[in-house]
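Below you'll find the structure, written out as structure tokens, and then a few comments.
We did not get these values from a lab; they are worked out from the coordinates using the rules stated. Here the structure is a predicted model, which means the values were calculated and not measured. Counting neighbours? That spans all protein chains shown, and the Cβs are built from the backbone with ideal geometry, glycine included.
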Amino acid sequence: MTGELEGRVAVVTGAAGGIGREFVSGLLGAGAKVAALDIDGGRLGELAAAHQADAAAGRLVTLPADIARWAECEAAVGRVRERLGGPDILVNNGAVGMGVIRADHMTKLVAIDEIEPEVWDRFVAVNFSGAWYMTRASVGGMLDRGWGRIVNVTTSFFTMLRGRFHPYGPAKSGLEAMSAGHAAEFAGRGVTVNVVVPGGPTDTPMVPPESGIDRALMVRPAAMVPPVLWLCSAEGAGWTGHRYVAGNWDAALDPAAAAEGCRAPIAWPDLAQSPVWPGGKPPE
Ligand SMILES: NC(=O)c1ccc[n+]([C@@H]2O[C@H](COP(=O)([O-])OP(=O)(O)OC[C@H]3O[C@@H](n4cnc5c(N)ncnc54)[C@H](O)[C@@H]3O)[C@@H](O)[C@H]2O)c1
């Protein structure tokens, strides 16, 4: 993969987090220029320090931004365009986790009356609308150039549907559905949209120590990188509208076989087959 993304510009949101920094390293390693967005300016500084040579060479740009705000997303993508070009690749990875509500949310699940309405709104704004804002700001250029890769990080269906894991689960299921819709909307125009998930609890700050889970048994954050690089590669060009479970990626296989091994349908396509529709069929 070294050098395969030479000339491409990638934007990663939540870039200072556990999985985000792995995306940044992986994309830089594959030759892309990277714009790293995060709300946490201090940790973005640490990220730049860890990639000092790339930052000094202008191959890595760090941009503090709150993806819950359209104006900040639009401005950030404008700055990426000016400083690096593109963007060609967008990894919608930034999110807030249930630790914002309570650190022991995994052993003692969260009830509806523990969620303040403004906390609900914040989760929806960051974990769902943020990805739409970033896509809205970036996709026009991708469609004009006929080349784009959008990767949305959602979560396991178990997490989306389980009780007492709100607002995280429902906000992520919105992002999953949006990914399916955008894959269909941009199909055949050179812009692919896929979901990549770890497949289970992953060893990042999003899972607090109070979770009670043995960290050695969690998915490694670096496991998320190979499916994303594969989706951005020439081989991945034909694949849109799928989800990839990174924890099932088998590095012993060649990348195409590994991708096949962890590919699953995006969202709920089987449930969308037979709407009750006047005249029989909805317009495509
Ligand atoms: N860790 C897990 O177990 C797990 C499991 C499934 C999916 N995920 C998903 O993986 C992705 C990465 O999460 P992680 O585990 O690395 O967590 P993390 O908490 O380490 O990273 C999340 C990053 O998003 C940033 N962020 C939060 N709000 C933001 C905002 N408004 N604007 C910009 N940036 C913002 C945070 O500052 C942080 O750096 C998330 O989408 C998460 O939902 C994580």
Can K108 be described as closer than 22 Å to V139 by Cα and more than 9 Å from the ligand (Cβ to nearest atom)? no
Considering only residues that are hydrophobic (A, V, I, L, M, F, W, C) and either within 23 Å of E22 (Cα to Cα) or outside any helix (DSSP H, G or I) (or both), which ones fall in the range 175-202? L175, A187, V191, V193, V195, V196, V197
Just need a number here: residues in the range 38-57 that are under 25 Å from R136 (Cα atoms) and either more than 18 Å from the chain's Cα centre (by Cα) or assigned to a helix (DSSP H, G or I) (or both). 2
Search result, residues across the range 203-242 that are among the hydrophobic types (A, V, I, L, M, F, W, C) and either assigned to a loop (DSSP other than H, G, I, E, B) or under 15 Å from G261 (Cα atoms) (or both): M206, V207, I213, M218, A223, M224, V228, W230, L231, A234, W239
Pairs needed: first member in the range 94-107, assigned to a loop (DSSP other than H, G, I, E, B); second member anywhere, within 10 Å of the ligand (Cβ to nearest atom) and acidic (D, E); C-beta distance under 7 Å; at least 6 residues apart or different chains. G94/D38
Which listed residue is within 15 Å of the ligand (Cβ to nearest atom) and touching a Ser or Thr at 6+ places or on another chain (Cβ under 6 Å), from A35, A15, A68, A48: A48
Just to be sure I understand, how many residues within the range 140-192 are under 22 Å from R102 (Cβ atoms), among the aliphatic types (A, V, I, L, M) and buried (at least 23 other Cβ atoms within 10 Å of the Cβ)? 1
Quick check: is even one residue across the range 118-141 over 18 Å from the mean Cα position of the chain (by Cα), in a helix (DSSP H, G or I), more than 16 Å from the ligand (Cβ to nearest atom) and more than 25 Å from A222 (Cα to Cα)? yes
What pairs can you find where one residue is in the range 203-220 and farther than 17 Å from V96 by Cβ and near the ligand (Cβ under 9 Å from one of its atoms), the other is part of a helix (DSSP H, G or I) and basic (K, R), and their Cβ atoms are less than 7 Å apart, with a gap of 6+ or different chains? D203/R215
Of all residues in the range 67-83, count the ones that are in contact with a Gly (Cβ under 8 Å, 6 or more places away or on another chain) and assigned to a loop (DSSP other than H, G, I, E, B). 2
Scan D54, D40 and give me the residue that is within 16 Å of the ligand (Cβ to nearest atom), touching a residue at least 24 places away in the same chain (Cβ under 8 Å) and among the charged types (D, E, K, R). D40
From the option list P117, P198, single residue qualifying as surrounded by fewer than 23 Cβ atoms within 10 Å (Cβ to Cβ) and free of Cβ contacts under 8 Å to residues at least 40 places away in the same chain is P117
First in the range 2-13 and buried (at least 22 other Cβ atoms within 10 Å of the Cβ), second anywhere and of a type in the set (S, T, Y) and assigned to a strand (DSSP E or B), Cβ under 6 Å, 6 or more apart: none
